[in-house]
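Undergrad: Below is a structure I'd like to ask you about.
Derivation of every value follows stated rules applied to the coordinates shown; laboratory data play no part. Quick caveat, the model's predicted, so the values are computed rather than measured. Because the Cβ atoms are built from the backbone with ideal geometry, glycine has one as well, and the counts that use them run over all protein chains shown.
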């Protein structure tokens with residue numbers, strides 16, 4: 001019976017150590033994982049915005065004039 005208890009204790013210790021090591025590894029890798037997904041999201045959003053913007057700009061921009069009028073005079077200085 002003592003061997004069963006020793007085995008259960010050793011397995012419990014190994015499971016606790018494995019969870020502790022796994023948590024430490026994941027916690028240390030969080031910045032790189034976050035950076036990877038942020039870069040992926042940023043590149044995807046950049047592509048979506050690049051596709052949307054030209055159409056919206058063309059809708060809002062007025063037509064450019066083909067000719068201009070005379071120059072506007074500057075106000076006279078009171079001094």
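Undergrad: By how many degrees, between 0 and 90 and to the nearest 10, does the Cα long axis of helix 2-60 differ from the longest principal axis of the chain?
TA: 10
Undergrad: Moving on. For Rg/Rh (Cα atoms, Kirkwood Rh), which listed value, (i) 1.09; (ii) 1.25; (iii) 1.66, comes from the coordinates shown?
TA: (iii)
Undergrad: In a GNM of the chain with a 10 Å cut-off on Cα contacts, which of 12, 47, 69 has the highest mean-square fluctuation?
TA: Among 12, 47, 69, the largest mean-square fluctuation in the Gaussian network model of the chain belongs to 69.
Undergrad: Is it possible to state the helix-based mean residue ellipticity at 222 nm for the chain, with each DSSP H run of 4+ residues giving -39500 (n - 2.57), the sum divided by total residues, to the nearest 500 deg cm²/dmol? What is it?
TA: Working: 1 runs with 59 residues, N = 79.
Roughly -28000 deg cm²/dmol at 222 nm, from the helical runs in the chain.
Undergrad: Would you mind computing, in nm to one decimal, how far apart the modelled labels at residue 7 and residue 76 are, each placed 7 Å from Cα along Cα→Cβ?
TA: Label-label distance for residue 7 and residue 76, simple model: 11.0 nm.
Undergrad: Among 28, 43, 67, whose mean-square fluctuation peaks in a Gaussian network model of the chain (Cα, cutoff 10 Å)?
TA: Between 28, 43, 67, it is 67 that shows the largest mean-square fluctuation.
Undergrad: Run the numbers for residue 29 and residue 46: contour at 0.36 nm per residue of separation, minus the present Cα-Cα distance, in nm.
TA: On the way: separation 17, 0.36 × 17 = 6.12 nm, distance 2.59 nm.
Gain on stretching residue 29 to residue 46: 3.5 nm.
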